Amino acid sequence: MVESIARVRHIRVTPTKARRVVNMIRGKQAQEALAILKFAPQGASDPVYKLVASAIANARVKADASNSYLDEQDLFVSSAYVDEGTTLKRFQPRAQGRAFQILKRTSHITIVLATPDEATGTTAAAKTKAGKK
């Protein structure tokens with residue numbers, strides 16, 4: 001019934017490192033995802049933890065605005081993905097007047113939380129489309 005989206009853009013984590021963290025929580029229940037991220041040793045787990053917490057808060061506000069009941073235990077990570085952001089280009093001086101380029105990559109991370117009602121609705125729609133083919 002409730003779907004909430006949280007996004008962070010231009011975060012200074014490389015997309016491949018962020019994808020490792022996001023893949024751990026995809027499909028998990030929201031509170032379980034927070035527990036996983038809290039103890040994950042990767043550096044990208046801190047911004048993703050904040051993002052999941054923000055998505056939970058967004059769902060709470062959205063449910064309050066529509067006067068509907070929301071049990072935070074029902075929320076799960078319906079989709080989570082990492083896109084590549086802008087790349088900062090820096091130069092490092094090297095021997096004999098040369099310069100080497102250093103690429104400092106950034107990421108756009110998106111987390112979508114939903115209640116099981118919406119998830120079953122989307123999978124049922126996908127099943128009917130697959131059955132028609």
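The values are calculated or read from the model by the stated rules, or taken from the named source; none is laboratory data. All values reported here derive from a predicted model rather than from experimental measurement. FYI the Cβ positions are ideal-geometry reconstructions off the backbone, even for glycines, and counts take in every protein chain you see.
Give the residue that is farthest from VAL21 (Cα to Cα), with candidates limited to residues of region 55-95 that are at pLDDT 95 or above and polar (S, T, N, Q).
GLN92
Scan region 62-114 for residues that are assigned to a helix (DSSP H, G or I) and over 24 Å from the mean Cα position of the chain (by Cα) and jot them down.
Step one: of region 62-114, the residues assigned to a helix (DSSP H, G or I) are 62-65, 72-74, 95-97.
ALA95, GLN96, GLY97 - these are the residues of region 62-114 that are assigned to a helix (DSSP H, G or I) and over 24 Å from the mean Cα position of the chain (by Cα).
Tally time: how many residues in region 25-48 are within 26 Å of LEU103 (Cβ to Cβ) and either in contact with a helix residue (DSSP H, G or I) (Cβ under 6 Å, 6 or more places away or on another chain) or in a loop (DSSP other than H, G, I, E, B) (or both)?
So the answer is 7.
Out of (1) of a type in the set (Asp, Glu); (2) under 15 Å from ILE109 (Cα atoms); (3) loosely packed, with under 14 Cβ neighbours inside 10 Å, the odd one out for ASP46 is which?
(3)
Only one of (1) exposed (fewer than 15 other Cβ atoms within 10 Å of the Cβ); (2) farther than 18 Å from THR110 by Cα; (3) not hydrophobic (A, V, I, L, M, F, W, C) is not met by ASP83, so which one is it?
For ASP83, the failing item is (2).
Need pairs with beta-carbon distance below 8 Å; first residue more than 11 Å from ALA30 (Cβ to Cβ) and free of Cβ contacts under 8 Å to residues at least 60 places away in the same chain and within region 54-78, second aliphatic (A, V, I, L, M) and part of a helix (DSSP H, G or I); sequence gap 6+ or separate chains.
Hits for this filter: TYR69/ALA63.
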